[in-house]
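Novice: I'd like to ask some things about the structure below.
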Amino acid sequence: MVRLQLGSSASTSAQRTSRQQKSRERPSANTRERDGARHSSASMAASAKGRLVPLLAVAAALAAVLLYRAPFSKSLGGEGCSLLHHDHFWIASDRVVTLGRVGPAAVEVKGGLVNAIAVGDYRNFVLRRPLLDYGDAVIMPGLIDVHAHLDEPGRAEWEGFSTGTKAAAAGGITTLVDMPLNSYPSTVTEETLKLKLEAARDKLYVDVGFWGGLVPENAFNPSALEKLLNAGVLGLKEGLVTLAKYKRPLLIHAERIPDVEDGDGLADLDPRSYSTYLKTRPPTWEEAAIRDLERAMKDTKAGGRSEGAHLHIVHLADAKTSLKLVKDARHSGASVTIETCPHYLAFSAEEVPDGDTRFKCAPPIRDAANRENLWNALLDGHIDMLSSDHSPSAPDLKLMEEGNFLRAWGGISSLQFVLPVTWTFGQKYGITLNQLASWWSEKPAKLAGQKNKGAILPGYHADIVVWKPEAEFQLDESHSVYHKHRNISAYIGQQLSGKVLSTFVRGNLVFAEDKHANAACGVPILADLK
Ligand SMILES: [Zn+2]
């Protein structure tokens, strides 16, 4: 499949041009290293139900101060880190997504970075280093998943770093940011972050960053919550001011649980029916949470009290009023971004079979008209990026036999499939490779403060996915799935298009032809507060 070419004579003019460009754009190696450290950022997140936002802002601000420095060194080029025995080579194809275009090009990878890009028919180039020729496959920036739950330590039997990052590598994801869910302990202090990093040691097949936040055990405990809220010394605005100073985003799960939940009539409804579940989490919950944020959004404007702070709405599902409120805020200058997830774009409520709790997530998958509106918002740039919101759930909690939507654990297992899913379901809307790279690499890199990631450009990390968009496959029993729990994914049984051939993380070939590198050499990405 991959042809290895060796050449030895002079470089082409395209190559020389790109090197000249490179030397203009690229700082010295030392500078790059320092910049890399400074911009690596475990940006803080607070993710929980809407009415908890002020408390979470406090937690985010606190965590932003506490999380710092890289605890173990890079394993770049170490033994077994790569399936390739070179750290200086070229990769090429007829469809390289770089410099805002898609076309034939060769990319020089050296010491984990993109060193040069030679645009044009690479078959005529004479290169001094080995060339991996991928023919008509697509060479694209690796995906950056800013919202995945791996749930280690404490609940490694749910997903864990090793299986989670193996699935990521197999799916073309080169960086993921772990979002606190119910791991124990969670990422809220320096100590707990240290434990997390210990747990991650030698288990990361891709780079992993960490959002800080609160765990549901704390956040959903009304008395603990009220104690903190009633203490009243810190609030959302204070949190934002601190976050502004550190240039880190505040991430918000925008669903506001009503003070008194209206359970009237639910007792008579069938808990196996998806429409029953939909009634328990209406779009008005998303809308209410975003209305609660209106003041905070306003404060992020130029000249506002929290200028420099940034709000990010995770997994938006309501494409009506909730989306409109954020659009209006952005229009008036607020610094706020939105992500949605492939499952909101792939599925609709009408299609969810009764009793099939694999499809339960929060906010819920809504109707087909809403899905259409989400696609339009994504295409129009009102939704900025995508994330997996991968659920690490243990299978028994999904209550697949009972099929009770009201009792089953929420969340969709998806990490390995987000690239083919986005591509397959996006065909109807004519999505382009450049749009994919924007939604899955460029914008997420910006949110996570990763200035050396998110694109194939000289000086950037050589985080690259090579894939065949046209290759169709049935996601059935014969398909290699690296998530810990394969059968709880809502995508099992789907016919998908888009097969990942190779994944490079910092120049290491970490996945190719259904095989992973022997050693797990991904790097934890942490903020440096210097
Ligand atoms: Zn989540």
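Novice: Please go through the range 266-281 and give me each residue that is within 31 Å of the chain's Cα centre (by Cα) and open to solvent by less than 80 Å² (accessible area, probe 1.4 Å), ordered by number.
Specialist: Within the range 266-281, S273, Y274, S275, T276, Y277, L278, T280, R281 qualify.
Novice: Any chance you could count how many residues in the range 197-209 are more than 18 Å from H461 (Cβ to Cβ) and either touching a helix residue (DSSP H, G or I) at 6+ places or on another chain (Cβ under 8 Å) or crowded, with 24+ Cβ neighbours inside 10 Å (or both)?
Specialist: Count: 3.
Novice: Can you tell me which of P420, P469, P444 is within 16 Å of the ligand (Cβ to nearest atom) and either among the aromatic types (F, W, Y) or at pLDDT 95 or above (or both)?
Specialist: P444
Novice: In the range 285-303, is there at least one residue being out of contact with any strand residue (DSSP E or B) (no Cβ under 9 Å at 6 or more places or on another chain), small (G, A, S), modelled with pLDDT of 95 or more and more than 13 Å from P364 (Cα to Cα)?
Specialist: Checking the range 285-303: not a single residue is out of contact with any strand residue (DSSP E or B) (no Cβ under 9 Å at 6 or more places or on another chain), small (G, A, S), modelled with pLDDT of 95 or more and more than 13 Å from P364 (Cα to Cα).
Novice: Then there's this: Pull up the range 377-390, narrow it to residues that are in contact (Cβ under 8 Å) with a residue 24 or more places away in the chain and open to solvent by 10 Å² or more (accessible area, probe 1.4 Å), then point me to the one that is nearest to the ligand (Cβ to nearest atom).
Specialist: First pass over the range 377-390, keeping only residues in contact (Cβ under 8 Å) with a residue 24 or more places away in the chain: 377-379, 382-390.
Of the ones still in play, those that are also open to solvent by 10 Å² or more (accessible area, probe 1.4 Å) are 379, 382, 384, 389.
Details: L379: 24, H382: 21, D384: 17, D389: 4 Å.
The residue in question is D389.
Novice: Inspect all residues belonging to the range 300-308 and state whether any of them is away from the ligand (no atom under 16 Å from the Cβ), in a helix (DSSP H, G or I) and either free of Cβ contacts under 8 Å to residues at least 24 places away in the same chain or closer than 23 Å to D270 by Cα (or both).
Specialist: No, the conditions are met nowhere in the range 300-308.
Novice: Separate question: I'm trying to understand the selection: among the residues of the range 118-131, which are touching a Lys or Arg at 6+ places or on another chain (Cβ under 9 Å) and open to solvent by 10 Å² or more (accessible area, probe 1.4 Å)?
Specialist: Across the range 118-131, the qualifying residues are V119, R129.
Novice: In this structure, does A471 turn out to be farther than 30 Å from A309 by Cβ, in contact with a Cys (Cβ under 9 Å, 6 or more places away or on another chain) and either touching a residue at least 40 places away in the same chain (Cβ under 8 Å) or not in a helix (DSSP H, G or I) (or both)? Talk me through it step by step, then tell me what you get.
Specialist: Details: farther than 30 Å from A309 by Cβ: yes; in contact with a Cys (Cβ under 9 Å, 6 or more places away or on another chain): no; either touching a residue at least 40 places away in the same chain (Cβ under 8 Å) or not in a helix (DSSP H, G or I) (or both): yes.
It is false that A471 is farther than 30 Å from A309 by Cβ, in contact with a Cys (Cβ under 9 Å, 6 or more places away or on another chain) and either touching a residue at least 40 places away in the same chain (Cβ under 8 Å) or not in a helix (DSSP H, G or I) (or both).
Novice: Suppose we keep only residues that are modelled with pLDDT of 95 or more and out of contact with any helix residue (DSSP H, G or I) (no Cβ under 7 Å at 6 or more places or on another chain) within the range 507-517. Which one would you say is most open to solvent (accessible area, probe 1.4 Å)? I'd like the intermediate steps shown before the answer.
Specialist: First, the residues of the range 507-517 that are modelled with pLDDT of 95 or more: 507-512, 515-517.
Going one step further and asking which of them are out of contact with any helix residue (DSSP H, G or I) (no Cβ under 7 Å at 6 or more places or on another chain), we end up with 507-509, 512, 515, 517.
Values: G507: 8, N508: 13, L509: 13, A512: 18, K515: 122, A517: 4 Å².
Top of the filtered list is K515.
Novice: Is there a residue in the range 468-475 that is within 30 Å of E401 (Cβ to Cβ) and open to solvent by 50 Å² or more (accessible area, probe 1.4 Å)?
Specialist: Among the residues of the range 468-475, at least one is within 30 Å of E401 (Cβ to Cβ) and open to solvent by 50 Å² or more (accessible area, probe 1.4 Å), which makes the answer yes.
Novice: How about the range 401-430: which of its residues are touching a Ser or Thr at 6+ places or on another chain (Cβ under 8 Å) and small (G, A, S)?
Specialist: Selection gives G403, A408, G410, G411, S413, S414.
Novice: Looking at the range 489-506, can you tell me whether even one residue there is open to solvent by 20 Å² or more (accessible area, probe 1.4 Å) and over 30 Å from V352 (Cα atoms)?
Specialist: Checked against the condition, which is being open to solvent by 20 Å² or more (accessible area, probe 1.4 Å) and over 30 Å from V352 (Cα atoms), the range 489-506 yields at least one hit.
Novice: Right, next: I'd like to check something: does the range 310-322 contain any residue that is open to solvent by 80 Å² or more (accessible area, probe 1.4 Å), within 23 Å of H147 (Cβ to Cβ) and modelled with pLDDT under 90?
Specialist: no
Novice: Sticking with this structure for a sec: Looking at the range 139-166, I want the residues that are within 15 Å of the ligand (Cβ to nearest atom) and open to solvent by 10 Å² or more (accessible area, probe 1.4 Å) and have a partner that is assigned to a loop (DSSP other than H, G, I, E, B) and modelled with pLDDT under 95 with Cβ atoms under 6 Å, at least 6 apart or on another chain. Which pairs are those?
Specialist: Partner pairs satisfying both residue conditions: H149/M179; H149/L181; H149/P392; R155/S183; W158/D151; W158/P392; W158/A394.
The values are calculated or read from the model by the stated rules, or taken from the named source; none is laboratory data. Remember, predicted model here, so these are calculated numbers, not experimental data. Glycine also receives a Cβ, built like all others from the backbone with ideal geometry; neighbour counts cover every protein chain displayed. Side chains are part of the model used for accessible areas, which takes the heavy atoms of the whole protein and leaves out ligands, DNA and RNA. Shrake-Rupley method; radii C 1.70, N 1.55, O 1.52, S 1.80 Å.
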